[in-house]
1. If you take the Cα Rg of the stretch 72-161 and divide it by 2.2 N^0.38 Å, with N the number of residues, what do you get?
2. If you take every DSSP beta bridge whose two residues both sit in the chain, what share of them, in percent to the nearest 5, is antiparallel?
3. Rg to Rh for the stretch 135-249: what is it, with Cα atoms only and Rh by Kirkwood?
4. So what's the gap between the Cα centers of the stretch 113-136 and the stretch 26-53, to the nearest angstrom?
5. Of all DSSP beta bridges located in the stretch 443-648, what percent are antiparallel, nearest 5?
6. When you have a sec, figure out the Kirkwood radius of the chain from all distinct Cα pair distances and drop it here in Å to one decimal?
7. On the principal axes of its Cα set, how long, how wide and how thick is the stretch 152-215? Give whole Å, largest value first.
8. Given 5 Å bins starting at zero, what is the percent of C-alpha pairs of the stretch 2-218 in each, up to the one with the largest pair distance?
């Protein structure tokens, strides 16, 4: 059987189809056999500098044979021998860097190959191929704790075999047949002849191949109904951005609004429009790993590359980006823990940039040497209100202030005091586009959010209804959330009846439900697993490094990680405990402040509360452990004031 995974309308997918046709031509029975060939096109891996792999091939061929086109060297117990007879095939693992340049834009450097781009000039396709292979192997090590012998190839679609250097090398021509490709593989990975008479070409054991089959890159990514709405939103022209079109790439500007006004969506819309119309490269930076994972899923579903040579959108956390800059200027070793002294190191880097000790010439060389990481047309800042001055200085210096667009959330502080993007490096005011309409929440949810904001004493929560999205409801649940298993099943069933998938449900949990237990799962995930519900447990760092892939798995994140996320149904667990925790934390932080500590702490906690309350699109479930708590009493008043919207679950 041959299975191809990946977006339809991409050159990588078309190459995968042609490769599959060569397998079928050589072995007409391949589709009905026990053999398995998986080809992942536009594979997404995360955790390193390379996020996109053009093609990954896993072929389990159970001893099929081929005869090489020329003499190859095989390994035997007595030593190496030349061989021209049959070779058996077992488990083949390939990564393929695909290039479509005209032959005049291809240059061979010995056994390496470089290709020419209008934007970046000559780049080594051989080095790109090695980097993609290492990204794949790193993903294997992280997920299955084992690595195959992967063979990295460069495929030149428009270059004929006769134009290639003399073999052996890892370059494939556009007109190369399967026999010729297999011969090249046998030259790159020496077949071994053991006790049998036929030497075998294999990249890994059967046990490792079993594990590789289950890698996420070989699982088709299926969009849910909610995903399709987000994809449509991304493809449409956002009228809010039309007035700012002339400033894009020339002057910085700020998109400012409350939670649910679509700030992150507008950033993505802007980047997508620039990519589709002009082939622009955009970098979206967030501090939130869970949000980065969610946005990468959307990029994968829309087949948007992670800012490759033809443009695209790269999603990174700001700490990862700053860590790379620190390493490039010898302020951080690769084996050092970035987070241990992150704030101090970031301040040191910012001071060196501001003083000119790291010059513009140094930064220009950095961008020239590594354009895939440091040269972008647009840099999009998510939740910019939370960035410390050191990060602002670093981003402006590395990328240029004119390329920056900031999403600024009102009353959505998480990391510290409000950041100041309002003034450019020259002291001039930066243009601000105020967003007032609710784009995420249905109208009833926006009404509820305004009521709670008023109860909490938050001024200026003037969120307008989205008249095109009527409805929405708020359910209030008292007591221990883990003692009502039937409620969780009913909640997922109701969402499914509306055409949604479990992944469209978002659980937001306090620290006590995020603690990892002996089974390696958070308390919330362990409870749901006991009910037969698998989850994407974003409370665990290793999990949230990758995007959610299973549509049957609800997502779980901590309160601190929920900003920017959304769900058709959102369940906020232990909301009253979270309120008390935020007040205590704010009191401790404000002990030395001039403003009255309690007043300032309550204001900060109220800002925090509005973040989870603005995550839902249709159904918001709020769980309180005690109805007589302060938050419980506010929710009771909401239920009395808004009986058509808010109700207690009995």
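Every read-out reported here was derived from the displayed coordinates using simple, explicitly stated rules and does not represent laboratory data. The structure displayed is predicted, hence computed values, not measured ones. Virtual Cβ from ideal backbone geometry, glycine too; neighbours counted across all protein chains shown.
1. Values: Rg = 16.8 Å, N = 90, 2.2 N^0.38 = 12.2 Å.
Ratio of Cα Rg to 2.2 N^0.38 Å: 1.38.
2. Numbers: 34 of 99 bridges.
In the chain, approximately 35 percent of DSSP beta bridges are antiparallel ones.
3. Working: Rg = 22.4 Å, Rh = 19.0 Å.
Using only Cα positions, Rg/Rh for the stretch 135-249 is 1.18.
4. A separation of 21 Å, based on Cα centres.
5. Working: 1 of 25 bridges.
That works out to approximately 5 percent antiparallel.
6. Numbers: mean 1/r = 0.0370 Å⁻¹.
One over the average 1/r among Cα pairs gives 27.0 Å for the chain.
7. Ordered largest first, the stretch 152-215 gives principal extents of 38, 33, 16 Å.
8. Result, from short to long distances: 1, 7, 15, 19, 21, 18, 12, 6, 2, 0, 0 percent.
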